[in-house]
Amino acid sequence: MKTGDLVKIVKNDMSLSYNPAGLKDKLFFDKIGIVIDKYSALRNEAWKSEEWFDIMFDTGIYHVRKDALEILDESRRFGIP
């Protein structure tokens, strides 16, 4: 996954996605967004690195963990073979 990819959140789990103000809402669900940034965060309990992405939706920017996202194929979205 890279900057500019079209994505959709497929896990409606508010611990995996939130807006930068720290508010947890569901305004992003069932919407298509675009990846604007990628970063890693360490989890304390296992010191594992997790990939997080900043996704821009029409409702605003959200931080979303990689396992909650599905990459959409632009050609499939617009009906182009």
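Scan the stretch 1-35 residue by residue and report those that are of a type in the set (Ser, Thr, Tyr) and more than 16 Å from Asp67 (Cα to Cα).
If the condition is that a residue be of a type in the set (Ser, Thr, Tyr) and more than 16 Å from Asp67 (Cα to Cα), then Thr3 is the only one that fits.
Report, ordered by the first and then the second residue, all pairs with beta carbons closer than 9 Å, sequence separation of six or more or different chains, a first member in the stretch 1-12 that is under 15 Å from Ile36 (Cβ atoms), and a second member that is surrounded by 17 or more Cβ atoms within 10 Å (Cβ to Cβ) and modelled with pLDDT under 85.
These pairs meet every condition: Ile9/Leu16; Ile9/Ser17; Ile9/Phe28.
Are any residues in the stretch 1-31 within 13 Å of Tyr62 (Cα to Cα), surrounded by 15 or more Cβ atoms within 10 Å (Cβ to Cβ) and among the charged types (D, E, K, R), and if so, which ones?
The one that is within 13 Å of Tyr62 (Cα to Cα), surrounded by 15 or more Cβ atoms within 10 Å (Cβ to Cβ) and among the charged types (D, E, K, R): Lys8.
Could you grab me the full set of residues in the stretch 48-70 that are without any contact (Cβ under 8 Å) to a residue 60 or more places away in the chain and not in a strand (DSSP E or B)?
Listed by number, the residues that qualify are Lys48, Asp58, Thr59, Asp67, Ala68.
The values are calculated or read from the model by the stated rules, or taken from the named source; none is laboratory data. Fair warning: this is a prediction, and the values are worked out from it, not measured in the lab. So basically every Cβ, Gly included, is an ideal-geometry build from the backbone, and we count neighbours across all protein chains shown.
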